[in-house]
Each structure stands twice: as C-alpha cells, then as structure tokens.
Amino acid sequence: NPSLGVVGALTATFSGDPKVHAAIEASSPILLVGGGVFLVFLFFNWLFLEPKNYGLRGERFFERQGAWFFAIVSILLATIVWFALQKTPIMAFGAVLGSTAFFIVHGFRQYAEQQEKKLLSGGMSDVSKVAYLEVLDSTFSIDGVIGAFAFTLSVPIILLGNGLGAIVLRQLTVSNIERIKKYKYLKNGAMYSILFLGTIMILDSFGYHIPPYVSPIITFGTVGYFFYKSRIEIRDIERALEPKLTLKS
C-alpha cells in the first residue's frame, strides 16, 4: 500500500494484522516468480560458466557449452513471461524483475572478483578493501533472502533466519575453513538445492502449491548426498595414502 510509506510498511510487516497477511499472500505470485527466476538463473550460471568439481555426470559437458548460457536463460525467461501473461501482466513483470536482479547482482560479483585480485596483490587502499568486502557480503546475502521465500513468506522469520544464518555461517567458515575445503562437492549440493527451490517457487507462483515440508526435505537431502559423496572421496584418498605414510615411517 503506497499510502503507508516506508516506515508504515515496515511496521505493518511485523504486525499480526490479518489484512497484512492477506496482502502478502496476494502479492506472493509476483515475489515467488521473481525469486524463482533469480535462483534458476543462478544455477544455470554455475552449471554453464563457473569452474567446479564435477559431482555428477553431465556437468563437464554443460561447462563446455558455456556459450549457450545466455541463450538458455533467455528462452527460459521468455517462456515463463509468456505463461505469466496468461495469468496477470504484473506477474510477468515480476519474472522480468527477477532476471534483472540476477544480472545486476552478477555484475557486482564480477566486479568484486576483479577487486579481489587487487586485494590479494596489495594494490588497494584500506577504504577500498572495506568497500569491497561490503559489496561482496551484500551480493551474497541477496541469494539467501530470495531463497528464503521458498520456505516462508513471513518477513520477520526471513530477516531473523538470514541474520542468524549469516552469523553462524561466518563462525563455521572462519574456524573450519580448511575442513570445509576438503568437502569438494558441497557447492554442487548447494547449487542443485537452489535449482529445486527456484523451480518450486515458480510452480507455486503459477498455483501449483507444493507442501511446505518439500523444500527443506529436498534441500537437506540434496546437500546431504553431496556431503556423503565428499566424505567417500576423502576416505578413498586417505586409504590410498596410508601405504605411502607407512613406508615413510
């Protein structure tokens, strides 16, 4: 409601007013289709363009077809917009916004990667380093906020979850960075989870209501599988090294 203003809208979001909940539900198709497009694009960007550890058959093939990324996502967006127009034009606009948000964030990330090289080479001032870290942190936080809509439309829960999640993730990463690096397929699990969540959001936006428990089950199952796959590979490497270590001792 534009008449509420920024402060009024924020206050209303945290209230228990049934009208506010109804308004969020009414706008959910726009949020879901936009967020879903963003996440699906994010997955295809990883699949086609980013270097990766190959966790499944076919990943190497798709990476070799990197030139097709923009064609694939363009056709996908056109298809989603076409079907969204059959329901409501504003929903189609939401899909376009999701695409726009992805390419804006993608641009910031590319810039951040360039700045990271300067940071590592020592060619940046302290102020530039702080600015770089803030840009990097904000771009990666957007993914979490958008992905949260696949689990709930409650803004307070999303804000609380992302805040606590960011703190926990940073602590785990800082204290266990070397251990995390060993699990080489964890990112694969995260990216396939993003694909599933994005697909669920798009289906939900078109009225194919997926039970709420499906999203967490798929997420934990997918990440769990790739975590297990990483553990198996670590175990095989350790077993292969045991005879060499025995001979040295």
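Nothing in this text is a laboratory measurement; each read-out follows from the coordinates by a stated rule. This is a predicted model, so every value here is computed, not measured. Don't worry about glycine lacking a Cβ; one is built from the backbone with ideal geometry, like all the others, and counts go over all protein chains shown.
A simple spin-label model places pseudo-atoms 7 Å from Cα toward Cβ; at ALA67 and ILE232 they are separated by 3.6 nm. Backbone phi angles across region 98-108, fed through the Karplus curve with coefficients 6.51, -1.76 and 1.60 (θ = phi - 60°), yield HN-Hα couplings of x, 5, 4, 4, 4, 5, 5, 5, 4, x, 4 Hz in residue order; Gly and Pro are listed as x.
Evaluating 6.51 cos²θ - 1.76 cosθ + 1.60 at θ = phi - 60° for every residue in region 51-60, the Karplus couplings come out as x, 7, 8, 7, x, 9, 5, x, 5, 4 Hz, glycine and proline recorded as x. If r is the Cβ-Cβ distance from LYS181 to SER28 and R0 is 35 Å, what FRET efficiency results, to the nearest 0.05? My answer for the efficiency is 0.35. Maximal additional length on extending the ASN53-SER74 stretch stands at 4.9 nm, based on 0.36 nm per residue less the C-alpha distance. Amide hydrogen proximity for PHE206: with H placed 1.01 Å from N in the peptide plane, no residue at 5 or more positions away or on another chain lies under 5 Å. Scalar couplings 3J(HN,Hα) for region 204-213, obtained by applying the Karplus form with A = 6.51, B = -1.76, C = 1.60 to θ = phi - 60°, are 4, 5, 8, x, 8, 6, 8, x, x, 6 Hz; x denotes Gly and Pro.
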